[in-house]
Amino acid sequence: MKRFKNLVIGGIENKVFNLILITVILLTAAFMAVSVNQNNMLARLANESSQRQQASIDEITGEVMDQVVRHSLARSNRTEADIANALFEAAGERVTFLADCATRLLANAEDYAPKPFAGPNPADDGAWTAKVIFSPGVVTKDPTINRKVGLIANLFDTMIALCPATDCATVYIGLPEGVHMSVSDNSSSWIVDGKLRTYDPRERGWYKQAVEAGGLIFTDGEWDANTGEYCVECAMPVYGPDGSLQAVIGSDLFLDEMQQVLTDNQEEGEYALLVNENGRAVLPTQAAVFPMAAADRDADLRESQSAFLARTVGDALAGASEGVTLGELENGAYYVTAAPIEATGWVLLSAYNQAISSQPVTLLEDSFNGIQSETTATYRAETSKSRNMAVVLLLVVMALTLTGALVLGKRIVKPLNTITRRISELSEGNLEFRMEDAYRTGDEVEELAESFAAISHKTVVYMDKVVKVTAEKERIGAELSLATDIQAAMLPHIFPAFPDRPDFDIFASMDPAKEVGGDFYDYFLIDDDHLCMVIADVSGKGVPAALFMMASKIILQSVAMLGNSPAEILARTNEAICSNNEAQMFVTVWLGILELSTGRLVAANAGHEFPVLKLPNGDFELYKDRHGFVIGGMEGVRYREYEIQMEPGAKLFVYTDGVPEATDADKELFGTGRMLDALNADKSAAPVQVLKNVRRAVDGFVKDAEQFDDLTMLCLEYRGGKRDD
């Protein structure tokens, strides 16, 4: 092996490069040959298939699609006309029924006593109620008018029952005396800026048309004066025994659903138009929906600028419809058909764009599948040829590659195999690799063997030290890891802690300064109505503090579950710990029991930090309670307890001294002032966010300084109320 500057001549790098270069050239040539053949074949098939498909489409589209469109359009239009007719008939039957009831009532007025009535009341929104509106100038205290209104008020119960039973938004009665009597579930619509909206039924189109016709009528499409929605009004006059006009019964037929049905069909190429007996377009209300000139929207369509549209509308209204016809509208050729609506004398027109019918998908499926099958068979045959060619080329390449490998094997592979075998023979009794003549190949293999031999010798020298140090570190690390897991598992760590309790929310965290810590928190339900909360800080750090912490936690929880008060729990725990405290360690504890049904919190403090309390609509503030002596410091200690009344929305925050005593690089303490600022930065935050806010403030203060003490926090939000069972 020779080196010329950075160029290696005759080395293993050069040998491998030459072999790979030859292989790549051969594979590339084979791939290009196969790719060119496949591309030519696919292009030819695609062209032939496209031509055959186009010829088939041109052959059968016109006649078949014409028949399909005519049949489907006529059936669809008839169905939609029947639906519209049913809506109008229902409105007419509703009004006719009320008119008959009113006629009988007026004919037998002496048999009925007047009933009380009242005007609109916004408090009645959502309930079907009757309301009476007097027109301007009407004497509201006229006894004759009031008696007639009270007499007709006997129909209110029937009208109220009729609305939800017939899916009707409103029914109403207009009196020639200028009184409007209405039933709806939206009373507030009659109140505008705190005043009753004026309304004279005698001036309304439905009233005038019904009186003029002397029978049941349907108005043109218009915007309802009360709700502002687009509707058709159905009305019918009521006459007394002497033939005099006594009232006009009316009902609104809102057309939003009918309009939605008609406009939705245009997404499939079908347009619909509802035309009244005067030739005016009633629905849809948007001029751009039906393909006709906007100028025709409010005019008689029988006089439309489109001769085809004018003739179609005229024939339909005259009852001389020719079924489905094809003609030119404003923006293209359309199939058009019409169906009568017997209840109103109107007609429903439907139009279908002829351009959309150029895709005869259904009838072309068999023809397309046949062409596709032939194309697939041809493609498979050509692919098989290409695959065979690729296999032959790959076999040739493999043969050439194997030949090159055999020729160069002795100089490249054999020394490497020998090195591999010697390395595999190394064992605990023989860990050193030594140079042999077989490795002296004059290339990188020799350099590799020499380097490995030197490293092997050094490795043997340091192996004993490394093994001993590593084993000791692994043992200590495994024990600390296990201790960390055990300690974390002993603390409540599943949140939300009580997902089925809406009366409170609680969250806590403990971040030890070392692998294990001496702080701990706990919370648990003593019974269904009492929640016990504990936060504590054990003296010292590391494993001893962690062991003392676990013992203290178990004792505290066991005593608390016996149903004792906070002071008794701390006293009994102190006696239990002092009885066997040879290490003379102690723990500060804050313990509280919250009665969830009342919000009464009873707590006791054994030398721990002051709790922080936030009352509803208040700030987080320190609650400077009275401290007792630490747990484990002295036998016979008695603790005092105190009460806090937690109102719904109140929050409690307790912590260990690791929070206020967090220290930055300049040895400055975080302090309770910064802690309160962090709490009050977002006073409405949930407990989990409260702890995040405080931890973020601590981290921002200490920055890169090492954490000196455990950081433990617990936050409770009392929401009050009974829990859902």
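The values are calculated or read from the model by the stated rules, or taken from the named source; none is laboratory data. Predicted model, so just to flag it, every value in this text is computed and none were measured. Note: ideal-geometry Cβ built from the backbone for every residue, glycine included; neighbour counts use all protein chains shown. With ligands, DNA and RNA removed, areas are computed over all heavy atoms of the protein, side chains included. Shrake-Rupley method; radii C 1.70, N 1.55, O 1.52, S 1.80 Å.
Quick check on my filter: what residues within region 642-659 are over 41 Å from the mean Cα position of the chain (by Cα) and either of a type in the set (Lys, Arg) or at pLDDT below 95 (or both)?
Passing the criteria: only 657.
With respect to residue 704, determine if the residue is part of a loop (DSSP other than H, G, I, E, B), open to solvent by 10 Å² or more (accessible area, probe 1.4 Å) and without any contact (Cβ under 8 Å) to a residue 40 or more places away in the chain.
Judged against the criteria, residue 704 is a match.
Can you run down the residue pairs with Cβ atoms below 8 Å, 6 or more apart or on separate chains, where the first is in region 635-658 and within 19 Å of residue 689 (Cα to Cα) and open to solvent by 80 Å² or more (accessible area, probe 1.4 Å) and the partner is aromatic (Phe, Trp, Tyr) and modelled with pLDDT under 95?
none
Can you list the strands (runs of 3 or more DSSP E) lying wholly within region 259-334 that have 2 or more residues being modelled with pLDDT of 75 or more, open to solvent by less than 10 Å² (accessible area, probe 1.4 Å) and not small (Gly, Ala, Ser)?
270-275
Name the pairs whose Cβ atoms lie under 9 Å apart, with the first residue in region 528-548 and charged (D, E, K, R), the second surrounded by 17 or more Cβ atoms within 10 Å (Cβ to Cβ) and part of a strand (DSSP E or B), and 6 or more positions between them or separate chains?
From region 528-548, the pairs are 537/519; 537/520; 537/587; 537/588; 537/589; 537/712.
Looking only at region 26-62, which residues are surrounded by fewer than 11 Cβ atoms within 10 Å (Cβ to Cβ) and modelled with pLDDT of 70 or more?
28, 32, listed by residue number.
Being of a type in the set (A, V, I, L, M) and modelled with pLDDT under 95 is the filter; apply it to region 665-675 and report the residue that is surrounded by the most Cβ atoms within 10 Å (Cβ to Cβ).
The qualifying residue surrounded by the most Cβ atoms within 10 Å (Cβ to Cβ) is 669.
Looking at region 521-571 only, could you name the residues that are more than 25 Å from residue 582 (Cα to Cα) and buried (at least 19 other Cβ atoms within 10 Å of the Cβ)?
Of everything in region 521-571, those that are more than 25 Å from residue 582 (Cα to Cα) and buried (at least 19 other Cβ atoms within 10 Å of the Cβ) turn out to be 522, 523, 531, 532, 533, 566.
Can you pull out every residue in region 302-325 that is of a type in the set (A, V, I, L, M) and over 51 Å from the mean Cα position of the chain (by Cα)?
307, 318, 320
All but one of (1) open to solvent by less than 20 Å² (accessible area, probe 1.4 Å); (2) within 37 Å of the chain's Cα centre (by Cα); (3) not polar (S, T, N, Q) hold for residue 662, so report the exception by its number.
Result: residue 662 fails condition (2) only.
Yes/no matrix, rows are residues, columns are (1) surrounded by 16 or more Cβ atoms within 10 Å (Cβ to Cβ); (2) of a type in the set (Val, Ile, Thr); (3) within 20 Å of residue 236 (Cβ to Cβ):
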| site | (1), (2), (3) |
| --- | --- |
| 86 | no, no, yes |
| 118 | no, no, no |
| 124 | yes, no, no |
| 141 | no, no, no |
| 144 | no, yes, no |
| 151 | yes, no, yes |
| 155 | yes, no, yes |
| 160 | yes, yes, yes |
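Among the numbered conditions (1) closer than 29 Å to residue 576 by Cα; (2) surrounded by fewer than 15 Cβ atoms within 10 Å (Cβ to Cβ), tell me where residue 709 comes up short.
Looking at each condition in turn, residue 709 falls short on (2).
Scan region 566-588 and give yes if some residue there is touching a residue at least 24 places away in the same chain (Cβ under 8 Å), within 26 Å of residue 674 (Cα to Cα) and out of contact with any helix residue (DSSP H, G or I) (no Cβ under 9 Å at 6 or more places or on another chain), otherwise no.
Yes, region 566-588 contains a residue that is touching a residue at least 24 places away in the same chain (Cβ under 8 Å), within 26 Å of residue 674 (Cα to Cα) and out of contact with any helix residue (DSSP H, G or I) (no Cβ under 9 Å at 6 or more places or on another chain).
Regarding residue 484, is this residue among the polar types (S, T, N, Q) and at pLDDT 70 or above?
no
How many residues, within region 512-547, are of a type in the set (Asp, Glu), in a loop (DSSP other than H, G, I, E, B) and at pLDDT below 90? Lay out the reasoning, then the answer.
Quick first cut of region 512-547, residues of a type in the set (Asp, Glu) only: 515, 519, 522, 527-529, 537.
Right, trim to in a loop (DSSP other than H, G, I, E, B) and you get 515, 528-529.
Those left that are additionally at pLDDT below 90: 515.
Here the count works out to 1.
If you scan region 170-208, which residues turn out to be closer than 19 Å to residue 228 by Cβ, surrounded by fewer than 18 Cβ atoms within 10 Å (Cβ to Cβ) and more than 47 Å from the chain's Cα centre (by Cα)?
200, 203, 205
Identify all residues within region 580-635 that are assigned to a loop (DSSP other than H, G, I, E, B) and within 37 Å of the chain's Cα centre (by Cα); write none if there are none.
596, 597, 598, 599, 615, 616, 617, 618, 619
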